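Beneath this line is the structure, given in structure tokens, with notes to follow.
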Amino acid sequence: DKLMYSDAVDFLPLAATHEGLADLESLESVVALPIEEEDGVFGVLAFQFQSGPRQLSKASLDALKVIGTLVSDGVIRRRSEQEIRFLAYFDELTKLPNRTLFEDRLSQAVQLALRNEVFIGVIFVDLDGFKMINDVMGHTLGDQILKAVAQGIKGRLRKMDTVARFGGDEFVVMAGNIADHHDIHGIVEKIMELFQEPFVIDEHEFFVTASVGVALFPMDGENPEALIKSAGLAMQRAKANGKHQYALCTVDMKEEVKRNMKISNSLFRALAREELTLHYQPQVRMDTGEIVGFEALLRWDHPELGTVPPGVFIPIAEKNGLINSIGEWVLKTAARQNKAWQDAGYKPLPVFVNLSVVQLSDPRLVDRVRNVFQETGLSPEYLGLEITETIAITDVRYTLETFNRLKALGVSIVIDDFGTEYSSLSRLKALPIDGIKIDMHFVQALQQSKKDQAIAEVIINLAKNLGLGVLAEGVETEAQAEFLRLKLCDCAQGHYYFRPMSPEELESMVEANKLSWLVGEA
Ligand code: C2E
Ligand code: MG
Ligand code: MG
């Protein structure tokens, strides 16, 4: 009621704060109704009278109050609809369009481009190492950088182009109406320029770089989804090539994705259809040549693609989540096979199984391994686990705890592909491991390089000083074997000795050659 005025004079100060609300010169009297929201008055509904102060009846005032309430409700509803629409189509932090709106605009642009025979560029911008900025400097600063990047990209583009934020540190640009597709380079380079200079926030300078991928309509996709995917692929390529650069989508990239999709789809059925098998590669003692263990290596006999090597499908299985089921199958199958050999009278030897990073970070790993022994009856001392050096040193504390629990079960642990991260032998020292496998690329460089020979020697000696076993992987020639044997490397594995074989092949080979693996012939 305090906001209902019958005298224009009282209303003037209020009216003055609302631009254009009152035509002050002709104003004689006014009835003003507050339009209210929970947290206060946000507007005034005013009826102006040109003729003199007048008194309104109670009934008229009540009617006006009802009108005021109705208007308030309407305005509030309208506002929240707008807010919801904003949230549905825009990113709150940067106020840029979000993915939904971007896809919408892109699909309109595609229609138009088809008619006008022009190109559209889709540019995927992903900041490099942004997670670290966030973790180290805090989210507030991270947010400010994201806002600055948003503004910076927007400022470098034409009005008609769209910049969207897809969440996190991902921005996607649509540059439409490109007559000559070579023009895309100029547009991308303008975006790249943004990352040449530091971002200044609260008077501090921050250097942020980005990896950028570019796709063009119509070559790299016919619809928004395909175009965004292609641009994302190219961005990943730019990252893999060393970050802070841009890459254009290529036919190769798209074919790789198609093949990966195909592999991913059929991998789901591969387990059930028993298309996966394990081959076993003997490991030998270098001084006697005697077989001392096996590495289990996964094979996939794909009905159309033929034999797919693990290097191709394991990364895919890690992405689509199948690696846990596959890894468990590998553990069980290798353990069961090894037990079967022992039961058949072969001398008990350990079988080594490769573990993926995904398996190592699974908290159920230790239970799963324990389970394998219960199910197969294999004794834990005859199972070894191979874990790559890179995995083992990414989170040493977690690795240490997991390794300790695995060791407590009685299994042995070796570090695979050693030598790819030269600096880390001292860090490995902290882990309860039994041995290392010197990486194959390293072994194979022995002949060409004196430096590699020296390093190999150092690795062998260091490992021995730490009380670890040393196995050289991928030994292919007599010369390599000779060198390693002279340097007192314990064990080796490679085509020079044995290739990976199916259990049947292995058994017949051992029997044909009367190898010492059979009990009694050692
Ligand atoms: P890795 O564990 O380092 O395995 C050694 C690889 O070297 C095997 O390749 C083996 O066939 C190959 N190799 C052995 N001797 C020689 C040689 O003298 N010369 C050459 N050029 N190569 C040799 P493969 O079987 O293709 O396996 C590749 C990688 O895939 C393995 O590297 C391992 O990281 C992974 N992998 C294999 N099986 C499994 C599995 O069951 N689970 C997981 N997570 N990864 C696996
Ligand atoms: Mg291995
Ligand atoms: Mg290896």
A408/H441 FRET efficiency (R0 35 Å; Cβ-Cβ; nearest 0.05): 0.55
Sorted largest first, extent of the chain alpha carbons per principal axis (Å): 123, 54, 49
P(r) weight above 15 Å for the range 149-196, C-alpha pairs, percent: 44 percent
Mean Cα-pair separation over length for the chain, i.e. relative contact order, pairs under 8 Å, 6 or more apart, %: 9 percent
Probe 1.4 Å, all protein chains present, accessible-area order of H185, H495, H441, H302, largest first: H441, H495, H185, H302
Kirkwood Rh in Å, taken over all unlike Cα pairs in the range 199-241: 11.9 Å
Degrees, to the nearest 10: 224-240 long Cα axis against longest axis of the chain: 50 degrees
Most to least accessible of L96, L488 (protein chains only, probe 1.4 Å): L488, L96
Computed lengthening from Q245 to L305, 0.36 nm per intervening residue step minus Cα-Cα distance: 18.2 nm
Relative contact order (%) - criterion: Cα under 8 Å, at least six apart; region: the range 310-456: 18 percent
Furthest towards positive pole of dipole, T277, I323, V443, structure part the chain, Cβ charges: T277
Accessible area in square angstrom per residue, the range 31-128, 1.4 angstrom probe: 62 Å²
Fraction of the pair-distance distribution of the range 197-325 above 22 Å, Cα-Cα pairs, percent: 59 percent
Nearest-ten-degree value, helix 396-409 long axis tilted from longest Cα axis of the chain: 40 degrees
The chain, accessible surface, carbon-and-sulfur percent (1.4 angstrom probe): 52 percent
Pair-distance profile P(r), taking every C-alpha pair of the range 276-333, with 10 angstrom steps and integer %: 20, 43, 23, 12, 1
Spread of Cα-to-Cα distances over 10 Å intervals beginning at zero, given as percent, for the range 166-266: 14, 42, 30, 11, 3, 0
Crossing angle, helix 503-512 versus the chain [Cα axis fit, 0-90 degrees, rounded to tens]: 20 degrees
P(r) histogram, all alpha-carbon pairs of the range 424-522 included - 10 Å bins from 0, percent: 14, 39, 30, 16, 1
T162 accessible area, 1.4 Å probe, all protein chains in place, Å² to nearest 10: 10 Å²
Per residue value of the accessible surface for the range 323-363 (all protein chains in place, 1.4 Å probe), Å²: 35 Å²
Residue-averaged [θ]222 nm for the chain, counting only DSSP H segments that reach four residues, each worth -39500 (n - 2.57): -15000 deg cm²/dmol
In Å², nearest 10: area of K243 left accessible to a 1.4 Å probe: 90 Å²
J(HN,Hα) series, the range 466-476, from Karplus relation 6.51 cos²θ - 1.76 cosθ + 1.60, nearest Hz, glycine and proline x: 7, x, 9, x, 10, 10, 9, 9, x, 6, 10
Reachable lysines from K65, criterion Cα separation under 30 angstrom, eight or more residues apart if same chain: K2
Relative contact order for the range 61-164, counting Cα pairs under 8 Å that sit 6 or more residues apart, in percent: 28 percent
Coarse-grained scattering of the range 38-181 at q = 0.10, 0.11 Å⁻¹, given as base-10 log I(q)/I(0) from a Debye sum over alpha-carbon atoms: -0.59, -0.65
Y346, Y382, Y398, ranked by accessible area, largest first (probe 1.4 Å): Y398, Y382, Y346
Partners for K464 among aspartates and glutamates (Cα-Cα distance below 13 Å; same-chain residues under 8 apart left out): D434, D490
Protection-proxy order for peptides 260-270, 227-237, each taking the mean of Cβ atoms within 10 Å per residue, highest first: 227-237, 260-270
DSSP-defined beta bridges in the chain - what % are antiparallel, rounded to 5: 65 percent
Intensity falloff of the range 127-224 expressed as log10 I(q)/I(0), Debye formula with alpha-carbon point scatterers, at q = 0.22 Å⁻¹: -1.20
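The values are calculated or read from the model by the stated rules, or taken from the named source; none is laboratory data. Remember, predicted model here, so these are calculated numbers, not experimental data. Don't worry about glycine lacking a Cβ; one is built from the backbone with ideal geometry, like all the others, and counts go over all protein chains shown. Accessible surface areas use protein heavy atoms only, side chains included; no ligands, DNA or RNA. Shrake-Rupley method; radii C 1.70, N 1.55, O 1.52, S 1.80 Å.
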